[in-house]
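J.: Quick one: the structure is below, questions incoming.
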Amino acid sequence: MFDPSAVLVISNGNNPAVFGMVTEVMKFSPDVISCDDGKIAERLAAGNIACIICFARECTDSMQQLIYRYVCGKSDAVCVCFTESDNDEKMFTTSVFGEECKLVIGTKLMLIPIDTDVATLRDMMLLVLGEYAEKTDNKAMTEAYWRVLRTLAAGVVRKYDCCGRKKYGCVYLTIALMIVSDDPDRLDLVTKTLYPDIAEKTKTSAANVDRSMRHALYGGWKRSGGRFSVRYRDICSVDFDLQPRNREFIGEVSMYLAVRYRYIYDAGKRLAAQAVEVPA
């Protein structure tokens, strides 16, 4: 049930553009209190807050302790923290609680990078904050889900420099990562269903999908100097010392995405349970 009093923003007003986007997504203006330990403790003591929104650069160690203990002690409470850099994220989650935070990142603590493009940031907000909004549009959230998956998958493919002069392999890898990160079971049927599905979407053959992916990975491998690596803190890492096969690359990178952006995929599962279908 919609309850505006269940959402609390903790901020000194240093990010008006992001806060404006939050109110736009939620369709109401949530309560805002300053970064004062006494005020935060008093507000949380009521026990009715389901969603805390804060900004990593404004959070002191004592604020982190208050927020962390509250969300971990209340089954339906979450914290959505906006970060401006990887260093912000690391500081927010490890400066006080260290390794213990790994257990709740992506579930109780949702870390949203604001150094992304505006459209993707808004889509991420919609997926995470949509269930607290005054009016929830499940179709719009499902469309946002697939747009975010496309952006995340394409970003990793670009990171590995798999996009040479011919873009087809890059496109096919992006679609494959979207599909498998959403449904890991699809990796078990790469040649039987995954390649044919991608081929149908892109009006080509399954054999061409396979071949173009291999060529894209080969090009990226050569340009990278013979090493692919992407890491999310100490929680998940992908390292290839040998050129990966299509299935290896898709499987490992999809797992990385699912761990790194767990809250996005959890939102996708909730939408799928509500039987809202929008083509990838």
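The values are calculated or read from the model by the stated rules, or taken from the named source; none is laboratory data. Quantities reported herein were computed from a predicted structural model and do not represent experimental measurements. Using ideal geometry, Cβ is built from the backbone for each residue, glycine included, and neighbour counts are taken over all protein chains shown.
Here is a yes/no grid of residues against (1) closer than 30 Å to E24 by Cβ; (2) out of contact with any Asp or Glu (no Cβ under 9 Å at 6 or more places or on another chain); (3) among the charged types (D, E, K, R):
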site: T142; (1), (2), (3): yes, no, no
site: A153; (1), (2), (3): yes, yes, no
site: Y160; (1), (2), (3): no, yes, no
site: K167; (1), (2), (3): no, yes, yes
site: K203; (1), (2), (3): no, yes, yes
site: A207; (1), (2), (3): no, yes, no
site: H215; (1), (2), (3): no, yes, no
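J.: Given R158, R150, which one is part of a helix (DSSP H, G or I) and at pLDDT 90 or above?
T.: On the way: R158 fails: at pLDDT 90 or above.
When all the criteria are applied, what remains is R150.
J.: Specify which of the listed residues (A56, A6, A41, A50) is touching an Asp or Glu at 6+ places or on another chain (Cβ under 6 Å), hydrophobic (A, V, I, L, M, F, W, C) and more than 20 Å from E89 (Cα to Cα).
T.: The conditions single out A50.
J.: What residue, among those in the range 161-175 that are assigned to a helix (DSSP H, G or I) and over 18 Å from the mean Cα position of the chain (by Cα), is farthest from P196 (Cα to Cα)?
T.: Result: C170.
J.: If we keep just the residues of the range 1-30 that are in contact (Cβ under 8 Å) with a residue 12 or more places away in the chain, among the small types (G, A, S) and not in a loop (DSSP other than H, G, I, E, B), which is surrounded by the fewest Cβ atoms within 10 Å (Cβ to Cβ)?
T.: That would be S5.
J.: Yes or no: the range 223-234 includes at least one residue that is part of a helix (DSSP H, G or I) and either within 19 Å of Y172 (Cβ to Cβ) or not hydroxyl-bearing (S, T, Y) (or both). Walk me through it before giving the result.
T.: Of the residues in the range 223-234, the ones part of a helix (DSSP H, G or I) are 223.
Now drop any that are not either within 19 Å of Y172 (Cβ to Cβ) or not hydroxyl-bearing (S, T, Y) (or both), which leaves 223.
Yes.
J.: Sticking with this structure for a sec: G220 passes all but one of (1) buried (at least 21 other Cβ atoms within 10 Å of the Cβ); (2) at pLDDT below 90; (3) closer than 30 Å to L109 by Cα; which number fails?
T.: Among (1) buried (at least 21 other Cβ atoms within 10 Å of the Cβ); (2) at pLDDT below 90; (3) closer than 30 Å to L109 by Cα, the lone unmet condition for G220 is (3).
J.: Test E131 against the stated conditions and say whether it is part of a helix (DSSP H, G or I) and at pLDDT below 85.
T.: yes
J.: Can I ask one more? Can you tell me which residue is surrounded by the most Cβ atoms within 10 Å (Cβ to Cβ) among those in the range 172-196 that are acidic (D, E) and farther than 20 Å from T151 by Cβ?
T.: Looking at residues that are acidic (D, E) and farther than 20 Å from T151 by Cβ, I get D188.
J.: Can I ask one more? Only one residue in D210, D185, D161 is closer than 23 Å to A273 by Cα and either touching a Leu at 6+ places or on another chain (Cβ under 6 Å) or not aliphatic (A, V, I, L, M) (or both). Which one? It would help to see each step written out before you state the result.
T.: Values: D210 fails: closer than 23 Å to A273 by Cα; D161 fails: closer than 23 Å to A273 by Cα.
D185 is the lone residue from the list that is closer than 23 Å to A273 by Cα and either touching a Leu at 6+ places or on another chain (Cβ under 6 Å) or not aliphatic (A, V, I, L, M) (or both).
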